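Take a look at the structure set out below.
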Amino acid sequence: MNEKVIIFDTTLRDGEQSLNASLSVSKKLKIALALENMGVDIIEVGFPISSPGDFKAVEIISKNIKNSKICSLARCVDKDIDIAAQSMSFLDNFRIHIFLGTSNLHVKYKLKKHFSEIIDMAVRSVKRAQRYTDDIEFSCEDAGRTSIDNLCRIVEATINAGATTINIPDTVGYTMPNEFGNIIQSLYKKVPNIDQAVISIHCHDDLGMAVANSLIAIQTGARQVEGTINGIGERAGNTALEEIIMTIKIKENSLKLYTNINHQEIYRTSQIISQICNAPIPFNKAIVGSHAFAHSSGIHQDGILKNRANYEIIIPESIGVKENTLNLTSRSGRSVIKYYMKKMGYQNNEYNIDKLYNNFLQLADQKGQVFDYDLEILAFINQQKIPEYFCLKNFTITSNYSKLTTVSIELICGKHIKIVKVSTEHGPIDTIYQALKKIIVFPIFLQKIKLITEGQTIETLGKVDITILYKKRKFYGSSSNINILESFITAMIDIFNKIWRIEQIKKEKNTYLKNYNN
C-alpha cells in the first residue's frame, strides 16, 4: 500500500523572505486560498513575532482557511511561541513550528552556547508550545552541517518532550544527495523513538540539489516535504514543490508514495504566486515554465503529433495547462505545418505544401518565430502584392492636471482616413486602446501587453509586445520606437493588418484557392 507524503508549503514564510518587499495581507490571503485549493496539507503562513503585519496576516488567514492546516514559525523564545499561538487562536487545530541552530557553526558563533544548552532550550520550547497545541514541529536548523551524534541527541530529546514532527533542514544547500540520504538513514537507525514523529525535510537550492536531496530523503523514510511553489525562497530558493509533487505522481508505482494534491491546480497556483510576488518563472523551469511543454524540433514535433508519449512524460492538462505548444520555427518540419493548417480548417488538397513550406522557411529565417495566421497568409496571399491596409498617419496625446488623457489618432484604412478622439482617466495606454477600438470594427480583446523600457521617461527607447485575442485566436504584435506610446500604436496596427488579411482570406477563400492551385 502506498504511503502518503505530507506537503508543507512555506511560500508565505520562507518564500516571502526572498522578495524585495513584503506582501500585503490581501495578497497573502489570495496565495493561501490558492494553496488550499491545490490541496496543500500544511501552509506555513508567517513568523508572527517578526512584525504586526505578519501577525495580522496569520490571524486573517487562520480565519479563512478551512481545509489546510495553518502553521506559524517561532524561535525557541517564550514570547515567540506565545505570539505564534495567539495569532492562530481562532483555530481548534494548528501547528507551531519551532527552530533552533544545531550545527557547530550556529551553536558556537551565532548562539554562543554549549550543545547541552541547545538541547535544554529546544526541550523547554517544545513543552511551552504544548500549552497551546499537540501539533509541534521542531527544526534542527543547519542539520546538514550538524554532527550525526548531536543531531540524534536533539531529535530524541525533542520527540520525548512532545514534538510530533522533526524537520531536518539543509539550510544552506550544502549536502549532496547521498550525504543527505545518509543523515535520514542514520536517524532511523540510531534514534530509538524516531517512530513517534514524522520526519520532515526542508532543503535549499544553493548547489541546485534541493529537489534531489528531498527525493532521496523521502526514499529513505521522510514523510513530509517542505518547500515553495516555483522554488522561491532565501538566496537560490527552496525545494520546488511542484517538481516533488509531479515526481511522486509520475513515479508513484516505483516510489510507492502519493500526495493529496489536486494536480490540475498546480499551474494556476504557480501563475498566481508568480504574479503576486512579481517573481517571473524561468521559461525552462520544470513543470511550470512556459517552455515545459513546448516543442521546436521538427523531429520532436512529428513524434508528438504521432504519440504525445514520445516526448512528453507529463500530460499538460494534468497540471492545468491547456495544451502543449508546437513552436513554428526554421527547425519545424512539414508535419507541423500540415497540423496547423488542418487546425485552421484547411485540407491538404487546398494548398501546395511544398510551396507553403518553402515560403515558411524564408519567413522563419527572417522573423524567428512564425504563427498559425502567418501560415494562412503564406498559403493564400502573395504578400509582395498586398499593401498594408491600416497605416498610422498621425496621433497626438495630451494630459492635464485632472489626470484626463486625450488621444487623437488619424489612421489610413485602405482608401479612407479615419480620425477619432477619446478622453479617459485611465492613462495613455488604455486611452490609445479605446481610440483604436473605435476605429477598428474587429471584436478584439487585449490579453497581454509587455512594455520594455530603458530608463524612467516615456521618451526613452522602448519595445512593446502585445497579445490580442480575436475570435478565440491569439495574434501577436511587436514594435520598438523612441516613444513607447508610438510603439504601442504601431504594434496594435501590425496586429490589425494580420487580422484584416485573415478576414480577406475567409471572404475570398474560393478565389484564392483557385488561383493558388493553378
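Filtering the range 245-264 to residues that are in contact with a Lys or Arg (Cβ under 8 Å, 6 or more places away or on another chain) and part of a helix (DSSP H, G or I) leaves only HIS263.
When the range 332-347 is examined, which residues are found to be assigned to a loop (DSSP other than H, G, I, E, B), over 28 Å from the mean Cα position of the chain (by Cα) and either under 27 Å from MET246 (Cβ atoms) or among the hydroxyl-bearing types (Ser, Thr, Tyr) (or both)? Listed by number, the list holds a single entry, TYR346. With respect to the conditions (1) in contact (Cβ under 8 Å) with a residue 60 or more places away in the chain; (2) touching a Lys or Arg at 6+ places or on another chain (Cβ under 7 Å); (3) part of a helix (DSSP H, G or I), LEU411 lacks only one, and its number is (3).
Taking the range 265-306, which residues are polar (S, T, N, Q) and not in a loop (DSSP other than H, G, I, E, B)?
Matches in the range 265-306: THR269, SER270, GLN271, SER274, GLN275, GLN301.
For the range 243-285, the set of residues classified as more than 23 Å from ILE42 (Cβ to Cβ) and either under 14 Å from the mean Cα position of the chain (by Cα) or crowded, with 18+ Cβ neighbours inside 10 Å (or both) consists of GLN275, ASN278, PRO280, ILE281, PRO282, PHE283, ASN284, LYS285, listed by residue number. Specify the residue that is nearest to SER68 (Cα to Cα); the eligible residues are those in the range 126-136 that are in contact with a helix residue (DSSP H, G or I) (Cβ under 6 Å, 6 or more places away or on another chain) and not basic (Lys, Arg). Ranking the qualifying residues of the range 126-136, first place goes to ILE136.
Quick check: anything in the range 66-73 in contact with a Lys or Arg (Cβ under 7 Å, 6 or more places away or on another chain), small (Gly, Ala, Ser) and part of a strand (DSSP E or B)? No, the conditions are met nowhere in the range 66-73. Going by the structure shown, is SER332 in contact (Cβ under 8 Å) with a residue 12 or more places away in the chain and surrounded by fewer than 19 Cβ atoms within 10 Å (Cβ to Cβ)? Against the criterion (in contact (Cβ under 8 Å) with a residue 12 or more places away in the chain and surrounded by fewer than 19 Cβ atoms within 10 Å (Cβ to Cβ)), SER332 does not qualify. When restricted to residues that are within 28 Å of ASN262 (Cα to Cα), small (Gly, Ala, Ser) and either outside any helix (DSSP H, G or I) or touching a His at 6+ places or on another chain (Cβ under 6 Å) (or both), the range 41-57 contains 1. Of the residues ILE70, ILE65, the single one that is free of Cβ contacts under 8 Å to residues at least 40 places away in the same chain, surrounded by fewer than 22 Cβ atoms within 10 Å (Cβ to Cβ) and among the aliphatic types (A, V, I, L, M) is ILE65.
Confirm whether TYR401 is at negative phi, surrounded by 17 or more Cβ atoms within 10 Å (Cβ to Cβ) and either part of a loop (DSSP other than H, G, I, E, B) or without any contact (Cβ under 8 Å) to a residue 12 or more places away in the chain (or both). Answer is no for this residue.
Read-outs throughout are calculated quantities, based only on the coordinates presented, and are distinct from any laboratory measurement. Owing to the predicted nature of the structure, the values given are computational and were not obtained by experimental measurement. Cβ coordinates were reconstructed from backbone atoms using ideal geometry, including for glycine residues, and neighbour counts include every protein chain displayed.
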